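To start, the structure itself, in structure tokens.
The values are calculated or read from the model by the stated rules, or taken from the named source; none is laboratory data. What you see is a predicted model; the values in this text were computed from it and never measured. As a convention, Cβ positions derive from the backbone with ideal geometry for all residues, glycine included, and neighbour counts pool all protein chains shown. These accessible areas exclude ligands, DNA and RNA; they are computed on the full protein's heavy atoms, side chains included. Shrake-Rupley method; radii C 1.70, N 1.55, O 1.52, S 1.80 Å.
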Protein chains: 2
Amino acid sequence: MALRTLTAKSAAALDAELMSTGAFSLDQLMELAGLSVAQCLHTLSPPAKTPRVLVACGPGNNGGDGLVAARHLCHFGYRPSVYFPKQTKHELYARLRTQLEQLKVPFVTDFTAAAKEADYILDAIFGFSFSGEVREPFPSVIATLASTKVPVLAVDAPSSWNIESGPPGDGPGKGYMPTALVSLTAPKPLVKWFRGRHFVGGRFVGREVAEKYGFDVPAYKGGEQVVEVPLDDVKL
Amino acid sequence: MALRTLTAKSAAALDAELMSTGAFSLDQLMELAGLSVAQCLHTLSPPAKTPRVLVACGPGNNGGDGLVAARHLCHFGYRPSVYFPKQTKHELYARLRTQLEQLKVPFVTDFTAAAKEADYILDAIFGFSFSGEVREPFPSVIATLASTKVPVLAVDAPSSWNIESGPPGDGPGKGYMPTALVSLTAPKPLVKWFRGRHFVGGRFVGREVAEKYGFDVPAYKGGEQVVEVPLDDVKL
């Protein structure tokens, strides 16, 4: 069965439903999403091979998923570092930061310099709510993602890509093609333009809710929280 | 390396530290703990073998872990049902219940009758903060756990066992020996009296904090959240 994709609008509506009718807290959803991202990276490249992971976190929920992933990566034996330049005052983000500080995970301020020292980069800058405008300080960060030789795992969307229409024709993200992509809950239409290994994580939606929003729950194995879904298995 | 155990007092102090200095919310910790419990059950017996899991939830955090586990079991393909007779007004518990209702997980009121229909039972009644007194309506529930032929996975402690001194000499838990036990964070001293398969889950503490509280982080594999730890590998 080919998986259907989830538009940006439907993803936002689903998120709102999960946190209202669904009674989930953002803490719960972000914990599960971030854990699945970290497990995805472990599947791609274990810590013995790529110990130094640079996690680039944007100002919204995608960045929060990155903060959670960084913590789990630390427990998995990686040596993560975090770039988190636009810190919101939301108390959850402050707590996620403290959790990382307790584990002595370093926060870096120069992304381009840090990228040169990294074995893998996690792109958790923008997710499905990306508005189309790359604001400072992210243009140079995204330009680095587009030009680096270090492998990149993008969380939910390659940052700067339009959720429906894919790669930007111009701007800092021109030519940006991450090594791998982990879609959260369901692939977004942008996967049509993606070339690389593709996974789905964030296992918190039942079939009934998926049907309501017009997407499919992928065939997770056993109790695993992330699954590789080749793009041939996505309905584009 | 033999794992050291964690006393009830130290477990309570660790919990308090995680939620103060550690900046964790109960939502986060319970989500990770409950997920590891569900994954433990999957390792013990997949849904094709034991689809009907009866989850017995107590009034405290152990019960909350059970509610989270029941939700994940549903996503894993089991058909869980939940016995949760003493519902607190804590908003998290109300939300965990709603999350299960959204998945159409049934709540049962007659534990002994439900146990006869179950393929596996999850004992999430009492955890490390058990005071030694089994209050109503749990005496008959624990008597059923002690006498049933259905396999039982106990969460953190076989309910009614003393955390330090193990099985009760008398009372409803007399002779209660679950099939398997999943210790959360670290085994408690009661494992000395336990005979069965033993796991550790709840992977959210780093080595430094473990050292401060005098226990050891077990050798989790890769990004897994639960690991089997034979009792020969626990320092008793």
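Taking the criterion of being in a helix (DSSP H, G or I), free of Cβ contacts under 8 Å to residues at least 24 places away in the same chain and over 21 Å from A:Ser131 (Cα atoms), the only residue of the stretch A:12-27 that qualifies is A:Met19. Filtering the stretch B:190-207 to residues that are closer than 16 Å to B:His42 by Cα and within 14 Å of another protein chain (Cβ to nearest Cβ) leaves B:Phe199, B:Val200, B:Gly201, B:Gly202.
Checked against (1) in contact with a helix residue (DSSP H, G or I) (Cβ under 8 Å, 6 or more places away or on another chain); (2) closer than 24 Å to A:Ala38 by Cα; (3) in contact (Cβ under 8 Å) with a residue 60 or more places away in the chain, A:Gly214 passes all but a single condition, namely (2). Given the condition within 25 Å of B:Pro139 (Cα to Cα), of a type outside the set (A, V, I, L, M) and more than 10 Å from the chain's Cα centre (by Cα), answer yes or no: does some residue in the stretch B:60-72 qualify? Among the residues of the stretch B:60-72, at least one is within 25 Å of B:Pro139 (Cα to Cα), of a type outside the set (A, V, I, L, M) and more than 10 Å from the chain's Cα centre (by Cα), which makes the answer yes. The numbered conditions (1) within 14 Å of another protein chain (Cβ to nearest Cβ); (2) closer than 30 Å to A:Ala48 by Cα are all true for A:Ala210 except (2). Every condition in (1) within 30 Å of A:Asp15 (Cα to Cα); (2) surrounded by fewer than 14 Cβ atoms within 10 Å (Cβ to Cβ) holds for A:Leu145 except the one numbered (2).
Here is a yes/no grid of residues against (1) closer than 25 Å to A:Glu228 by Cβ; (2) in a helix (DSSP H, G or I); (3) touching a His at 6+ places or on another chain (Cβ under 6 Å):
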| position | (1), (2), (3) |
| --- | --- |
| A:Arg135 | no, no, no |
| A:Ala146 | yes, yes, no |
| A:Asp170 | no, no, no |
| A:Tyr176 | yes, no, no |
| A:Val182 | yes, no, no |
| A:Ala186 | yes, no, no |
| A:Val191 | yes, yes, no |
| A:Arg195 | yes, no, no |
| A:Phe199 | yes, no, no |
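Yes/no matrix, rows are residues, columns are (1) within 25 Å of A:Leu6 (Cα to Cα); (2) open to solvent by 50 Å² or more (accessible area, probe 1.4 Å); (3) at pLDDT 95 or above:
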{"position": "A:Ser81", "(1), (2), (3)": "no, no, yes"}
{"position": "A:Gln87", "(1), (2), (3)": "no, yes, no"}
{"position": "A:Gln102", "(1), (2), (3)": "no, yes, yes"}
{"position": "A:Val108", "(1), (2), (3)": "no, no, yes"}
{"position": "A:Phe111", "(1), (2), (3)": "no, no, yes"}
{"position": "A:Gly132", "(1), (2), (3)": "yes, yes, no"}
{"position": "A:Ser140", "(1), (2), (3)": "no, yes, yes"}
{"position": "A:Ala154", "(1), (2), (3)": "yes, no, yes"}
{"position": "A:Asn162", "(1), (2), (3)": "yes, yes, yes"}
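Being part of a loop (DSSP other than H, G, I, E, B) and either more than 8 Å from chain A (Cβ to nearest Cβ) or of a type outside the set (A, V, I, L, M) (or both) is a property that B:Tyr78 has.
Restricting attention to the stretch B:52-75 and to residues that are surrounded by fewer than 22 Cβ atoms within 10 Å (Cβ to Cβ) and within 14 Å of another protein chain (Cβ to nearest Cβ), the residue that is nearest to B:Asp123 (Cα to Cα) turns out to be B:Cys74. Candidates in the stretch A:210-236 are the residues that are of a type in the set (A, V, I, L, M) and at pLDDT 95 or above; of these, the one that is surrounded by the fewest Cβ atoms within 10 Å (Cβ to Cβ) is A:Ala219.
A count restricted to the stretch B:208-229 and to residues that are in a helix (DSSP H, G or I) and of a type in the set (A, V, I, L, M, F, W, C) stands at 2. A:Arg97 satisfies every condition listed in (1) open to solvent by 20 Å² or more (accessible area, probe 1.4 Å); (2) out of contact with any strand residue (DSSP E or B) (no Cβ under 9 Å at 6 or more places or on another chain); (3) assigned to a helix (DSSP H, G or I) except (2).
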